[in-house]
Each structure stands twice: as structure tokens, then as C-alpha cells.
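Report on the following structure.
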Amino acid sequence: MHADFPKESPSRPIPHGEWAGQLATANRSPRKIRGYLIDLKQFLEWLGRRDPLTIGEDGIRRFAHAMQAAGLAPRTRARRTTAVREWYKYLVDTKRVERNPAEKIAPPKVPEDDPEYLRPEEVGRLRRVIPRTDRRLRERAAVELGLSTLRISEVLGLNLDDLHLRRRQVRVMGKGGARVFQTVTLDAVRALQAWLERRPVCESEAVFIPLPPRRGLCRLHYTTLEDLLAANLAAAGVTRRIRFHGLRHTAGTTLSDRGVPLQDIQDLLRHKSPKTTRRYARVAKERLAEVLDHELRFPE
């Protein structure tokens, strides 16, 4: 490990809780916020006694070179560069600094991973292993919303007055904090109705609550939902790792497989850039070999 770049620094607290609060207000996921804070901690440790409010562009470049010299993977360097750039953007917005010294520092290019997704038959198995108990009805409703393209933060952020099931819509807080109405599948509507019929009355307005309910404005935690999904996938015989976001990828990949135009998929998934959506087309093309092998089989 390069002498100028610490591997771990758990003892130094992060003094930027209000930044984390701003990220939460912008509907960044708890996992993303935690990652940003860890990456920021690494940057502050690298700075040592240097005042981060006086660091210029050259200082950010030296940090980038230190990460590379330390042998960090491009993905890690890209993530930390992005975290530092986002933090300084916040400092500019809150008048702590005049300019963002990381604004012109481009993160290293990272090979794009294919999205993790479930095949249609795996979705069927997943649905079948979820029994119709109160707790499982809650899980099934969350899964169906994921398959309707919702992110985990959007699912768990839903309140009861965000549900407009007669119109097959839910109101979600998307990236950037904007409230939008999202159309969901009939399966999601039915699953939500089944869960709401059994959802205990409690103080919380959250759609998804812990069971049994806790006092106060309680809301199901995202790690709990990830763990429940992992257990159900294992019961369905899916051995590879699929996180909740993989349900959203499942929707995008399935739509692309079935010939839905990429512009429509982009609108459904609320992607700002068409580049984000195009990866579903790439996966669909790669699966053409599976289609050919399965469908074009002739007698010997």
C-alpha cells in the first residue's frame, strides 16, 4: 500500500452529517450515502492536517494519483472521485467554498457491468415460493413494485397517500427529490391490495412497516428487505447474487427482450440518459444465442 494513502481509518469521525441529510432529502439510498461517507473519510484521512476548504484542483489530482499508486481498482477510484466531487459541490451550494476543485477531475473509465436480472422462469419460481402470510404479503408487494421498475428507496419511501391504485399509479420520490407518478403492473396493484388488507393499523404512514409494528413513525429498513429477497431467491433456487435493484433490471431486460423501443424503456425507468438504457439492449442481443439454441432445434 502506498505510504501516502491510508487503507482504513475507522477512528476519525465524519463531521458532515448535514451533507448526509441533504443526500437523503435528494432520495439517495442509505447504501449510497454510507458509501459516500466512507469514501469522504478516506479523502480526509489522506489530507491529514490540510484544510479541505483550501484544497485546489492540484490537490484533488494528487489524491487521484495517490489512489492509483496505492493499486486501487478503477471502480473504487471512480467511486471515491465522485464522492469527493459531490461533497465539494455541496460545499459550494452551502457557501463554504467558492468553487468545486474536483469539478474538472474525471473519474477513471470503468468497464460497464451487465445488469443483474432474473429470467422469466426465475420470476415465476420466486413468486411461487412466497406464501400468503401477512409478512410474506408485504414482501410480495415490495417485489412486484421492484418488478414494476421502482428502486428500493422508492418502494420503502412510499406512504399510504402515495398509492393511487385505481389509476394503477404510485407517487414516488425519484432521484433529485422530484415527486413523480409511476404506473405499475396489475400484479403490483393486486399484491399491494392484498398487503393493505392485512397491514396492521399503526402510527406510521409508511406502506411497508416492520412486523409487528413498532411505536412511532416506523418504516421497513432496506437491509431487511434485501435480506428477505435473498432468502426468497435462495428458496426459489436462484444461486447467483441478485439485489433488489436487480428486479428493476429484470423489468428493463425483459422489456428489451420483447422488442419494446428503448425510448419507451427509458421513460418507464426514468433514465436521464439513453446510454443508461442501452445496456438492456446489449443484454438482449447476448441472449439471442439462447433463443436460437432453444427455438431453432431441428430433428437430426
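What follows draws every value from the coordinates through simple rules; no lab data is involved. What you see is a predicted model; the values in this text were computed from it and never measured. As a convention, Cβ positions derive from the backbone with ideal geometry for all residues, glycine included, and neighbour counts pool all protein chains shown.
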Expected 222 nm ellipticity per residue - DSSP helices of 4 or more, -39500 (n - 2.57), all of the chain, to 500: -16500 deg cm²/dmol
Sparse-neighbourhood loop sites, trypsin sites (Lys or Arg not before Pro) in the range 173-233 - DSSP loop, at most 13 other Cβ within 10 angstrom: Arg214, Arg215
Alpha-carbon radius of gyration plus Dmax, which is the widest Cα pair, for the range 120-292 in Å: 16.4, 56
Protection proxy ranking of 262-268, 45-51 - average other beta-carbon atoms within 10 Å, highest first: 262-268, 45-51
Glu203-Lys32 FRET efficiency (beta carbon distance; Förster radius 45 Å; 0.05 resolution): 0.95
Contour minus Cα-Cα distance for His164 and Thr239 (0.36 nm per residue): 23.4 nm
nm² value of the averaged projected area, convex hull over the Cα atoms of the chain: 20.2 nm²
Where labels lie 7 Å past Cα in the beta-carbon direction, separation of Glu18 and Thr94 in nm: 0.5 nm
Linear extension gain, Gln68 paired with Leu211, 0.36 nm per residue minus alpha-carbon span: 46.8 nm
Rounded tilt (10° steps) of 57-69 against the dominant C-alpha axis of the chain: 70 degrees
